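Notes follow once the structure below has been shown.
The values are calculated or read from the model by the stated rules, or taken from the named source; none is laboratory data. All of these numbers come straight from a predicted model, not from anything done at the bench. Glycine also receives a Cβ, built like all others from the backbone with ideal geometry; neighbour counts cover every protein chain displayed. These accessible areas exclude ligands, DNA and RNA; they are computed on the full protein's heavy atoms, side chains included. Shrake-Rupley method; radii C 1.70, N 1.55, O 1.52, S 1.80 Å.
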Amino acid sequence: MANNDANESLLSEFRDHSHPNEKNDLQRRRQQRGSASSLAETNRPEENGVESPLHPESIPVKQQFNFKQVFMWLAAYLGGGTICFFLISNQIKGQKTNGILDAIYFCVVTMTTVGYGDLVPNSMLAKLLATVYVFTGMVLVGLILSQAADYIVEKQENLLVRTIYMRKKGAAEILKEVQTHKVKYKFITTGVILFVLIIVGTVFLFVVEEFNFMDAFYCVCSTITTLGYGDESFSTKRGRIFAIFWILSSTICLAQFFLYLAELYTERRQSSFVKWVLKRNLTPSDLEAADLDHDKAVSVAEFVIYKLEEMGKISHEDVSVVIETFKRLDVDQSGALTASDLMSS
């Protein structure tokens, strides 16, 4: 109710400057909107006692991600590197299994900067090629996979929230919950996915590569953090096939985890600052700074703008640009925009 009163007060400042005919037009449009909104409310499933199902498509995702295009770029990049390193496979030393498989494995280990050391360049050409490949791989693959991981995490985040609140809240409440605590749920979801990848990698190394449990966990941790000491690595054909997919997903997931951790910390600090700004006492200097039209009084609109500036939501330059645009559109200098102003401008 307080928000509605503030909005009405904010709008009334502009309505008071309008002409009588324009006021009647505004009232007629409000009545039309009111009748349309009441009709929409009566048609809502929730109001009739039936809760509408929350489909995955009902929760907006930040961007539509083109997986086909991404995987085409990734396949082209990996394919080009594989061909190059396969052709100079005799210039790469280390523990080998299969020519093509080793070339793909070497590409993945190189571009994720894991660098076990089980396969290393052994000639000037191979070293130069590996140097170029690692820099281009860090940029290209990092950007592509981080966007893909962000998209996947956001979809899983929506699934997590739906699972938690499906029986307790309706669709609208779940949507609001997702938007309000978006970063928190991304952080939780990424942490869960990362934990699953660690468990899967450890079990695979323990069962297939026949490491003891501690060595398997140690190899997983040194891999996903891209330390890659090289004392433990994937040495079998099945192991390297698994490593091609697991190394890419786990290293990117860990990067996303720390990214969301930093974002969550920043968001909480910003939220604390906003609360402080809203609760602190005003001083005469604050009133003077908030008085945009210098009439010795601060209106609701001026107070809202001042607080938004103080919270860092907008800048003073942004406000100045908007005010200048309003003055330019207000041809008759009435203090309110009308249809005649727009036609004249």
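Listed values, structure above:
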quantity	calculated
Under 20 Å from the HIS294 label point (7 Å along Cα→beta-carbon), backbone N, segment 307-345	316-328, 333-335
Neighbourhood net charge (14 Å Cβ-Cβ; Lys/Arg +1, Asp/Glu -1) for TYR265	+2
Förster-model FRET efficiency, 35 Å R0, ASP215 and ALA262, C-beta, rounded to 0.05	0.65
ALA76 paired with LYS93, simple spin-label distance in nm, labels 7 Å along Cα-to-beta-carbon	3.7 nm
Interchain or long-range residues, amide H under 5 Å from MET311's placed H	none
Segments 102-110, 208-216 sorted - mean Cβ within 10 Å per residue, highest first	102-110, 208-216
Per-residue HN-Hα couplings for segment 188-198 [Karplus 6.51, -1.76, 1.60; θ = phi - 60°; Hz; x = Gly/Pro]	5, 4, 5, x, 5, 4, 4, 4, 5, 5, 5
For LYS93, solvent-accessible area (1.4 Å; no DNA, RNA or ligand), Å²	110 Å²
Sites LEU342 and VAL139, calculated FRET efficiency, Cβ-Cβ separation with R0 56 Å, nearest 0.05	0.75
Within the accessible area of segment 254-345 (1.4 Å probe), percent carbon and sulfur	63 percent
Mean Cβ count within 10 Å, highest first, over the residues of peptides 282-295, 127-140	127-140, 282-295
